[in-house]
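Report on the structure given below.
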Amino acid sequence: MIIGGIEIKGATLAPLAGYTDAGFRAVCSLCGAGAVYTEMISAKGLIYESEKTKDLLYSTPYERVSCAQIFGSDPYFIREACEHKIMDKFALIDINMGCPVPKIVKNGEGSALLNNPSLAQEVVRAAVKSGRRITVKCRTGFSSSKNCAEFVKMMEDAGALAVTVHGRTREQYYSGKADLDPIKEAVQAVKIPVIANGDVKDRKSAEYALEYTGAAGVAVGRGALGNPFVFARIAGNEPPMSVQQAIEIHIDILLEIYPEHKVVNDMKKHFAFYTKGMRGGKELKMKAFKAKSVKELKEIANYL
Ligand SMILES: Cc1cc2nc3c(=O)[nH]c(=O)nc-3n(C[C@H](O)[C@H](O)[C@H](O)COP(=O)(O)O)c2cc1C
């Protein structure tokens, strides 16, 4: 798939708040993710130079196609955020129009923009004026009345170069099966690449989503947690590294950004996924949760 002249080979890593840090994005890229996204970053937060926001935008050369995701509904702040120098290193800037969280929706941001397509268009037009490559990620609709195809077409008209569609409505949050029909309709309504998202967790589900919807690509979210190797498997390859190596790389990159105590803390949630379903996994997870140093975590990783 080509987005604004950028070639994306392989499934993409969907943005996951709290998880798609620079370490995880590097590991997923090394395993074959065609593009990787930061978690959603507040456009306003970026303008006001919040340190935390900048840390979330840390990236390494391992990322094959590095993408930042921002959220906001004020065209002025969106354009300012896109124009920010820190965005120079990102190939694409994605605008979040899918976040279902009440705090975000109340501000008219995230999935609330599905209910206000003309403002969503203004947001995209403002972003495009920055001269960056702009994409959108949305859901199939806000409530049960799905306006997906129409919405995606409006994003294309406003200048978005691609749209990732999560096959659930805002009302559904993350429950139920992802609905591929609205994604298929969106694919047929536009010329730009549409990326199908929702419940892709292996080669079979990736192939099914691609075939059913006719989408240009698939995005993997939760299926990559504790399993960055999914990107290799979707491509029909053997994973290029072990779990221990993945964790080692992940930790070492986080240490470039954060003090050790924060790295240990941040890694615990990843250990919860790496140990899920494995024999003796519960004990290893508990050990990881009690760890106080990265040395201890790396030792636990030897048993994964
Ligand atoms: C913990 C968590 C955090 C997420 N954070 C974001 C985010 O920051 N931006 C975004 O566009 N979507 C976010 N999503 C949605 C995912 O990108 C994806 O659309 C959704 O999980 C469906 O894909 P999946 O079934 O492959 O997980 C998040 C989902 C989860 C579970």
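The values are calculated or read from the model by the stated rules, or taken from the named source; none is laboratory data. Remember, it's a predicted structure, so these values are computed and weren't measured experimentally. Cβ sites come from the backbone with ideal geometry, for glycine too, and all protein chains shown count toward neighbours. Note: accessible area is taken over every heavy atom of the protein model, side chains too, but ligands, DNA and RNA are not part of it. Shrake-Rupley method; radii C 1.70, N 1.55, O 1.52, S 1.80 Å.
Descriptive notes on the structure:
- Top positive-direction residue, dipole computed over region 190-304 with Cβ charges, set 254, 300, 194: 300
- Sites residue 293 and residue 85 - FRET efficiency at Förster radius 41 Å, r taken between beta-carbons, to 0.05: 0.70
- Net charge over other residues, Cβ less than 13 angstrom from the Cβ of residue 88 (K, R count +1; D, E count -1): +3
- Mean accessible surface per residue for the chain, computed with a 1.4 Å probe while every protein chain stays in place, in Å²: 44
- Residue by residue, region 85-100 carries 3J(HN,Hα) couplings of 4, 4, 7, 3, 7, 9, 6, 9, 10, 9, 9, 6, 10, x, 4, x Hz when phi is fed to the Karplus relation 6.51 cos²θ - 1.76 cosθ + 1.60 (θ = phi - 60°); x denotes Gly or Pro.
- At the residue level, residue 144 shows approximately 90 square angstrom of accessible surface with a 1.4 angstrom probe and all protein chains present.
- Intensity falloff of region 243-301 expressed as log10 I(q)/I(0), Debye formula with alpha-carbon point scatterers, at q = 0.19, 0.23 Å⁻¹: -0.58, -0.85
- Taking amide H as placed 1.01 Å from N in the peptide plane, residue 94 has its amide H under 5 Å from the amide H of 68, 69, 70, 135, each at least 5 places away in sequence or on another chain.
- Dipole of region 17-131 [Lys/Arg +1, Asp/Glu -1 at C-beta], most positive-end residue of 113, 18, 69: 113
- Ratio of Rg to Rh over region 1-131 (Cα coordinates, Kirkwood Rh, two decimals): 0.95
- For residue 267, the solvent-accessible surface computed with a 1.4 Å probe is close to 0 Å², ligands and nucleic acids excluded.
- Inter-site label distance for residue 129 and residue 60 at 7 Å from Cα along Cβ, in nm: 3.8
- Separation of alpha-carbon centers, region 113-178 and region 219-284, rounded to whole Å: 30
- Rg/Rh, computed from the Cα trace of region 161-304 with Rh as the Kirkwood radius, has the value 1.06.
- Angle in degrees between helix 148-158 and the longest Cα principal axis of the chain, rounded to the nearest 10: 80
- Peptides 29-35, 73-79 ranked from most to least packed give 29-35, 73-79, packing being the mean of other C-beta atoms within 10 angstrom over each peptide's residues.
- Once the Cα-Cα distance is subtracted from the 0.36 nm per residue extended length, the residue 145 to residue 268 segment shows a gain of 40.4 nm.
- Burial ranking of peptide ranges 293-299, 110-116, 168-174 (average Cβ count within 10 Å, highest at the top): 110-116, 168-174, 293-299
- Angle of helix 281-290 to the longest C-alpha principal axis of the chain, folded into 0 to 90 degrees and rounded to 10: 90°.
- Across the chain, counting alpha-carbon atoms alone, Rg and Dmax equal 18.7, 53 Å.
- Simple spin-label estimate for residue 286 and residue 189 in nanometres, 7 Å along Cα-Cβ: 5.1
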